[in-house]
Each structure stands twice: as C-alpha cells, then as structure tokens.
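Undergrad: First the structure, then my questions, so here it is.
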Amino acid sequence: MNVPTTGTGPVVTLFESYGSGADQVARKVAEALGVEYLGQRFSSEQLEEAEKVQESDGDGAFLRFFKRFGLENTDHLDNILIPADQRNEYDLVVENNRTIFEATKSGGVVLGRNATVVLADNPRALHVKLDGPVETRVARAATEAGINLDRAAQRQVHEDEVRADMSLRLYNWDPRLPDHYDLIINTGQLDDDVVAEIIVSACRAKATRAN
C-alpha cells in the first residue's frame, strides 16, 4: 500500500501478553498525548469463538471467521491475482494496514493489530510491549473480565499462542521476541499510571530525536 507511515503527531504501538493491562494503559497514554486510541481488533470472546470454529471446521474456517470482524469493502481487490488459499490472509492484512495508517495520520495509540511492524518505518513511533508474571496476569485478567481464575488461565494459554501465531502467519514476525520493541515493561511491578508516564516520556523523547 502506498500510504505514508509518518505524520506530525506522536504514535505509540502496544502489544501485550494476555492480562498485562494494555487497554487501560493505552487509554491513559492516548489521553496524555492528546491523540486517538485504536483498540485491539479481536476480543477474548471472539478468540474463544474462533477456536471452536477451527476445531469443528478447520484452519480455513478460522481465517474466514476473523474476516467477519472489522473488514470493510474489499471489492477493489478482486482483480489482484492472489491464490485462492491466500485470499483471506491478504484481505486481512490490506484492511488492517489501511485502518492503522488512517488512525495514526495525526498521531495515535494502537493496541495490537500488528501495528509494531506495520509502523516499523515511522521514526516517530514508539513500540512497546507489556508483560509480567503469568500468575499476576491471569489474576488481573480474571478480575477485569469478571471470570474465574481457571477460565482466565485457559485464555492466557490460548491467547498468547493464537495472537503470536496470527502475527507469524500474516506478518512474519513473532511478537513474543524483543526484536521489534523500543521498550518492554513488567506491569506486574508497576501500576498503570506509572507505566503510562514511562511510555509518554519515552514517546516524546523519541519524537524529539526524530525531528
């Protein structure tokens, strides 16, 4: 896509291990920077439903399931020669990239969506991963989602795996590795306000150097 990856406003991308509090942190960062927030594309509930679809109908149905969420008109792609078995992946990537570029033209905070690699060429973008001890993350996720610890633990195993698998399949990168991040923060040791302050300060420092 011939879409510029740079703009005038601050940009932050976040990826989280399940239960690291990224949604709450991202909203605080967006408010502090005065930019829009683009949240995670697929919820925990959607990922659980997709797992059931995959188990019953196979891998192709898994990707078709995800196309139902957030895709707008892709009729303009019909004349592009893409093998049929790759069409679902291609449509997902094209629409996801378009959404991220549009959302960050004037600055923005993006959670997930592989924005870390989509905006890798933007010198003003700060790329952050939030992580923490598994037990801490599961406990936090259970409290925030209003579910028991067993279900949160199941979600943790599934989500950490499936989100990484989707990134590898669609964008050829592994978000579990530190390679693409400017900053990795253990949210099990710091509260959301402190984490947000660290990210905002780092974002402003990186943007200053990019000028």
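Every number here is computed from the coordinates shown, using simple stated rules; none is lab data. All values derive from a computational prediction rather than experimental measurement. Because the Cβ atoms are built from the backbone with ideal geometry, glycine has one as well, and the counts that use them run over all protein chains shown.
Undergrad: Ranking VAL118, VAL128 by Cβ neighbours within 10 Å, fewest first, what do you get?
TA: VAL118, VAL128
Undergrad: Can I ask one more? For ALA205 and GLU135, what is the calculated FRET efficiency with R₀ set at 22 Å and r taken between the beta-carbons, to the nearest 0.05?
TA: With R0 = 22 Å, the Cβ-Cβ based efficiency is 0.10.
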